[in-house]
């Protein structure tokens, strides 16, 4: 599932999030116990329903653990500190906005080429 399609829906199942993030469902369930910020809602059937903010947090946790080599405790502390020190808009929101603007710019450039 491409990142571009993520904005099309409000909720995603655990299997969809596993596919999007590359993290197995059982690991996502484990992370829910380890990271207090990761609390996807559950529907009437009891199934987890992840929102974009949850997916962004999972990607951030994945980066801290797998790319930066943090322990779970260290990643939890890092997230807690970044949460306390974050500006009005989180870094994730700024990153998303920047990538959206880059995409819009590319589309506009393509339109200009077509008009020439």
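No value in this document is a laboratory result; all are computed from the given coordinates. Note that the structure is a prediction, hence the values are computed from the model and not measured. FYI the Cβ positions are ideal-geometry reconstructions off the backbone, even for glycines, and counts take in every protein chain you see.
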Using a 10 Å cut-off on Cβ atoms, rank the peptides 53-60, 97-104 from the highest mean neighbour count down.
53-60, 97-104
Rank these for me by crowding, 9, 80, going from fewest to most other beta carbons within 10 Å.
9, 80
Spacing of the two label points (7 Å from each Cα toward its C-beta) at residue 13 and residue 113, in nm:
3.8 nm
